[in-house]
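The values are calculated or read from the model by the stated rules, or taken from the named source; none is laboratory data. These numbers were taken from a predicted model, which means no experiment stands behind them. For neighbour counting, all protein chains shown are included, and Cβ atoms are generated from backbone atoms with ideal geometry for every residue, glycine included. For the accessible areas, the whole protein counts, side chains as well, though only heavy atoms, and no ligand, DNA or RNA atoms are used. Shrake-Rupley method; radii C 1.70, N 1.55, O 1.52, S 1.80 Å.
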Amino acid sequence: MTASSQIPPAIQIEDDRTGVTIPTLRRALADNLYYVLGKPPDGATLNDYYLALAYTVRDRLMQRWMASTHTHRLPTIKQVIYLSAEYLPGPHLGNNLMNLGLYETVQQAVAESGLDLATLLACEEEPGLGNGGLGRLAACFMDSLATLEIPAIGYGIRYEFGIFDQEIREGWQAEITDKWLQSGNPWEIARPEDAVFVKLGGHTEASTDETGCYQVRWIPHQTVKGIPYDTPIPGYRVNTVNTLRLWKAEAPESFDLSVFNHGDYYGAVDQKVISENLTKVLYPNDEPIQGKQLRLKQQYFFVSCALQDLIRTHLAQGGRLERFHEKFAVQLNDTHPAIAIPELMRLLVDDHHVPWDLAWTITQQTFAYTNHTLLPEALEVWSLDLLGQLLPRHLEIIMEINRRFLEDVRLKFPDNGEKMGQLSLIADQPFRSVRMAYLASVGSHAINGVAALHSQLLQKTVLRGFYDLWPEKFLNITNGVTPRRWMLLSNPRLAQLITRRIGDRWIIHLQDLRDLEPLAEDPEFRAAWRSVKQANKQALAQRILERTGIQVNVESLFDVQVKRIHEYKRQHLNVLHIITLYNRLKQNPSLDLVPRTFIFAGKAAPGYVQAKLIIRLITAVGEVINRDPAVGDRLKVVFLPDYNVTNGQPIYPAADLSEQISTAGKEASGTGNMKFALNGALTIGTLDGANIEIREAVGSENFFHFGHKVEELSQLRSQGYDPRRYCDHSPELNRAIHRLESGFFAQGNRDLFRPLVQSLLNDDPYFLMADYLSYLNCQEQVSQAFLNEATWIRRSILNTARMGEFSSDRSIREYAHQVWQVQSVPINLQPYSQSEA
Ligand code: GL4
């Protein structure tokens, strides 16, 4: 019996903690300020008021949260377990108010208390517990799971320092440590009573027990304690509140004591520090990975905590381990948590004495694996040396999994040594290592990519051998985004306009946006649509002015590229276009050019030199162009610092044009592309990732596509790609490159951008030169289209109207039916005790 199932049947719930009238909310705010924060109203800071309000809202989630947790634990209810090393939920307060349906009421209550809700919302430090798309997807999925009333727990790491904050200093990125916890986190509840212990290092000992059973014992070198911190994830206007359970590493007290006994006080303190370092910081490189021991420790730590937690609650509820996979569907968000496969085997076989074959069936039935990238440098491998040192037992288990797997392969393909080498979980080159994507594939019953093209390429390239073996395991589930945060919360003007015309069901059935289609022909509606866009552009212009000092023209075309900075995403192709326009203007100052504001934002991994140079390039080009009187109002280049969820929210609603210009085959899906199109921006994009499906959905006439396709690029490559040829054949490209080389944007310094220019001219691995001309022509079409306001707005409306399938609700429904086999479970609140009956 766990403590949670002993909650008394009827709790006396104080009205002050649940009531939602304005007087009650005001009283609750004052109470929380006084009793929880210990501050009198006149001595309180804005942050104190933010915290008091957050507690007031959290109180109003509590009954639903406890009822959900209680119900979800019942043995008959299947739960989704999302394992992800990253989550980027964004600020919680606004989202929770919206999902609870309390936004307006609380706004008024706060105002009547002499405060401004927007100001309090701005106090919240967002949990930056991820790098970019992958972590944000996990957060959108958590929102959709709760909204669809699907029982779910998201497990992850409570990094003390999330992704760094970015400042721009003299045009360069500077990284500042993210101190998201420093002013207190009102959303999390520590659960030290649910702590678990995780072993690391040491060696194994095999023996045969009294019954003749072969047994392995793992004698670790170190043990760390995992403390869970729970954050409620409420669905939109439903009672379901799921849990995001993040683990913090601490030193186990008993371990310290043993050192104390030997009088080594400082040694004990050192151990404590070493243990706590484990969850100190998020690794900031999203795509490329390295052989960092601490990173492997992090992965194993949270996965082991999660699985131990699940086994414990399952057994406490009277569940049997043979039925583990009937209670939990565990999704691996990329390979970062793939060590869960040998860990579940270890827990079942070594700790709970389940026979290997049964344990393996349970494991395969439990896990499913999502691949999020094909970039070779991002495919995780862990050296056998490192694995053996840190997780000696897991290495043995992986070897045994591999031995059995290759035996099956041999039976299927006799006398085919090459096949065995290709499929082996162990790579020999450049060093002996475990291919984590292979381990994830062998240990899962379903494997999916995140957009149609990506899933096809996955089957044809990285996991080809596995697709040949088990085609039935493979599927595609295209990503989606939550319309709650990415429309309703961040674009209230557009959301209200839409709701006034088609009702509000679109918020949970995004396909209803289709009803907007006929309105695209209505001049009055188009005028209203345009006013919303202009108001959003005005608001963004204000932020740009505040943050960068740059004044932009809101009548100009807002041309936006926001995402991590990476060569494959080709922000520098965008810059080549800007330089080309600038060159044209310099050549012909009276040129009739469609005015544009180029807006960039995004972080570069601190160690990714070329990406940081791309940021410097953007700011340098901006410094010249924004000040050149010959350009005037016609071109502006803005780099908005510190791109994150908070700062992204006002950007999407204000964009006219969405730049999705990655090299074909490189962007697995993209999700920013969806946020823009949903908010009525038109896309200029390559046939890559989900762009292809977006174009199909919105109609090719409402999407500007350009560039080489995947097959065309492989042809170019096999013919011996020569980027310089494109320079020779395009005078404008030649001139743009020359501008860069000449030091024109670097106060005469010809060295500054040399590494970028050299890369483009010598190997151009991302085919900017090959796509330049097509991009330029396509941008010309964009400009012409923007001149015709009525048709532009019409296309904007049609984009929004046809983006319904890109809701993360649709993605989650597909996972629920095709992978997890889970159902919705509505949560009954009244009376509390009956929900368990
Ligand atoms: C990513 C992909 O790069 C991105 O295209 C995709 O949208 C996202 C979510 O599936 O996953 N893979 C990695 S790694 N980081 C990402 O953002």
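In region 533-664, the alpha-carbon atoms span a convex hull of 106 Å³ per residue.
Using the 1.4 Å probe convention, the accessible area of the chain works out to 38 Å² per residue with neighbouring protein chains retained. Near residue 354, once Lys and Arg are set to +1 and Asp and Glu to -1 for all other residues with Cβ below 11 Å from its Cβ, the sum equals -2. In terms of Cα atoms, the Rg and Dmax of region 671-753 work out to 17.6, 47 Å.
Across region 38-170, the fraction of Cα-Cα pairs farther apart than 17 Å, rounded to a whole number, is 68%.
When Rg is the radius of gyration of the Cα atoms in region 472-616 and Rh is its Kirkwood radius, what does Rg/Rh come to? Can you show the working numbers first?
On the way: Rg = 19.6 Å, Rh = 18.8 Å.
Checking Rg against Rh, the ratio lands at 1.04.
Across the chain, Cα pairs under 8 Å and at least six residues apart give a relative contact order of 14 percent. Computed across region 719-830, the Kirkwood hydrodynamic radius from all distinct Cα-Cα pairs reaches 19.1 Å. Applying a threshold of 23 Å to the alpha-carbon distances of 272/292; 292/460; 199/248 flags 292/460 as lying beyond it. Put the Cα centre of region 734-765 next to the Cα centre of region 185-205 and the gap is 51 Å.
Under a 5 Å amide H cut-off, with hydrogens placed 1.01 Å from N, residue 281 pairs with 160, 161 among residues at least 5 apart or on other chains.
A DSSP coil position with no more than 13 other Cβ atoms inside 10 Å describes the following trypsin sites (Lys or Arg not before Pro) in region 164-258: 179.
Exposure check, 1.4 Å probe, all protein chains in place: residue 701 carries approximately 110 Å² of accessible surface.
Qualifying trypsin sites (Lys or Arg not before Pro) in region 314-349, where qualification requires a DSSP coil assignment and no more than 16 other C-beta atoms within 10 Å, comprise 320.
Just the number, please: carbon plus sulfur as a percent of the accessible area of region 19-127, 1.4 Å probe, no ligands or DNA/RNA counted. Spell out each step's value before the answer.
Values: 2220 of 4040 Å².
Roughly 55 percent, rounded to a whole number.
Evaluated at q = 0.08, 0.11 Å⁻¹, the base-10 log of the normalised Debye intensity for the chain, with identical point scatterers placed on the Cα atoms, takes the values -0.74, -1.37. Put simply, the amide H of residue 557, placed in the peptide plane, has neighbours under 5 Å in 596, 597, leaving out anything fewer than 5 places away on its chain.
One quarter of the surface of the convex hull around the alpha-carbon atoms of region 298-367 equals 4.2 nm², the direction-averaged projected area. Long-range amide H contacts for residue 233: which residues qualify at under 5 Å (H placed 1.01 Å from N, peptide plane, sequence gap of 5 or more or a different chain)? Answer set, sorted by chain and number: 242, 243, 244. The share of Cα pairs per 10 Å bin across region 415-502, counted from zero up to the longest distance, runs 15, 32, 20, 14, 12, 6, 1 percent. Taking the accessible area of region 671-779, probe 1.4 Å, and keeping the other protein chains in place, the carbon and sulfur fraction comes to 46%. log₁₀ I(q)/I(0) of region 175-315 at q = 0.11 Å⁻¹, via Debye over equal Cα point scatterers, no solvent, to two decimals? With no solvent term, the Cα-only Debye profile gives -0.58. Each Lys and Arg Cβ is given +1 and each Asp and Glu Cβ -1; about its Cα centre, the chain then shows a dipole of about 1000 debye. Hull volume per residue, based on the alpha-carbon atoms of region 112-188 and their convex hull, is 162 Å³. Only helices enter this figure: runs of n ≥ 4 DSSP H residues, each worth -39500 (n - 2.57), summed and divided by the residues of the chain, yield -13500 deg cm²/dmol at 222 nm to the nearest 500.
If the viscosity is 1.306 mPa s and the temperature 10 °C, what Stokes-Einstein diffusion coefficient in µm²/s follows for region 264-397 when Rh is the Kirkwood radius over Cα pairs? Could you put the intermediate results ahead of the total?
Numbers: Rh = 16.5 Å.
In µm²/s, the coefficient rounds to 96.
Dividing the convex hull volume of the alpha carbon atoms of region 339-464 by its residue count gives 110 Å³ per residue.
Quick one: pull the percent of accessible area on region 472-589 belonging to carbon and sulfur, 1.4 Å probe, ligands and nucleic acids left out.
Details: 2070 of 4410 Å².
Result for region 472-589: 47 percent of the exposed heavy-atom area is carbon or sulfur.
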